[in-house]
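Step one of this worksheet: look at the structure below.
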Amino acid sequence: MNLIARSMHFSRYNPIVATLLLGSFIGWIIGSLYWPIPRPFAFGGIATNEWWRLVSPIFIHFGLMHFIFNALWLSMLGARIEQHSGALHLLLIVVVSAIASNVGQFMWSGSIAFGGMSGVIYALLGYLWIRNGLAPNPMLHLPKELIGFMVAWLVICMTGILDFLLGIGVANAAHLVGLISGMVLGLVFGLVARLQRGQ
C-alpha cells in the first residue's frame, strides 16, 4: 500500500485526527512564513467575539521538527481514542483541552504569540492514562514506559533547560494544563464506563 493509499485509509477511519493533522500542516506553513502570528491564529478573541481564537493557536507550529513531533504523537494517541470512542468524543477532548491549555499558557506568559498541539497531546495522554486505568481496554492501553517518558519530558521542559540550551520557548503551562484537563476528562469518562460495566 503506497503512501497516498495509506493516507486515505487513515483519513477514512480517523477523520478528526486527519483534519487536525491537515490544520497543523497549514499552521506550520503559516508559522514558518509569518511573524508575528496572524490575528486569526493568535490567542484571544473573547472581547471581539472571535471565539475560534481560543482554539486556533494549537494549529500554529514553529519549525518542521515541531510539526513532525506533534503530528506523530497526535496520530498515535488521537487515533486510539477516535477508533474506540468515535469522532465526536475525540473532538470534545480536543476542544476542551485546547481552550484550557491555551488559557493556561496565556495566563502564565501574558503573551498571545504561542502555538502548537502539545497541550492537546498531553491531554490525550492524560485521558488515556486515567480512562484506561479505570476501565481497561486494549485499544486505549499505553505502555507505562511511554507515559513515564512523556511525564519526564514535561518535567525537564519545565526546568527551563531547553530554553537555555536550545534558545527555544516551550509552552510549559499549556503542557501542564493540557495534561491535567485530559486526566480530568479521563476520570469522568472512565467512571462512566465503569458504571456502564456495572463495576
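Some observations on this one:
- Global form of the stretch 99-142, assessed from the alpha-carbon gyration tensor, a/c cut-off 1.5: prolate
- Stretch gain in nm, segment Trp51-Trp153, where the contour uses 0.36 nm per residue and the Cα spacing is subtracted: 33.6 nm
- Whether the stretch 75-199 is rounded, prolate or oblate, judged on the alpha carbon gyration tensor where a/c under 1.5 counts as rounded: prolate
- Peptides 13-19, 189-195 ordered by packing proxy, namely the average of other Cβ atoms within 10 Å per residue, highest first: 13-19, 189-195.
- Trp73 accessible area, 1.4 Å probe, all protein chains in place, Å² to nearest 10: 30 Å²
- Based on Cα contacts under 8 Å between residues 6+ apart, the stretch 80-142 shows a relative contact order of 39 percent.
- Database remark: amide H of His61 closer than 5 angstrom to the amide H of Trp28, Gly31 (H placed geometrically; neighbours at sequence offset of 5 or more, or on other chains; Pro and chain starts carry no H).
- For the chain, the solvent-accessible area with a 1.4 angstrom probe is 53 square angstrom per residue.
- Ligands, DNA and RNA left out, the accessible area of the stretch 92-199 computed with a 1.4 Å probe is 74% carbon and sulfur.
- Using Cβ point charges alone (K and R +1, D and E -1), the dipole size of the chain about the Cα centre works out to roughly 440 debye.
- Phi-based couplings in Hz for the stretch 139-155 (Karplus 6.51, -1.76, 1.60; Gly and Pro marked x): 5, 9, 6, 10, x, 4, 5, 5, 4, x, 4, 5, 5, 4, 4, 4, 5
- Peptide packing for 56-67, 133-144 was compared via the average number of neighbouring C-beta atoms within 10 Å per residue; ordered from the highest value, the list is 56-67, 133-144.
- Sequence of Arg39, Arg131, Arg80, Arg12 when ordered by accessible area, the most exposed leading, probe 1.4 angstrom: Arg12, Arg39, Arg80, Arg131
The values are calculated or read from the model by the stated rules, or taken from the named source; none is laboratory data. Since this is a predicted model, take the numbers as computed values, not measurements. FYI the Cβ positions are ideal-geometry reconstructions off the backbone, even for glycines, and counts take in every protein chain you see. Ligands, DNA and RNA are stripped out before the accessible areas are found, and what is left, the full protein with its side chains, is counted by its heavy atoms. Shrake-Rupley method; radii C 1.70, N 1.55, O 1.52, S 1.80 Å.
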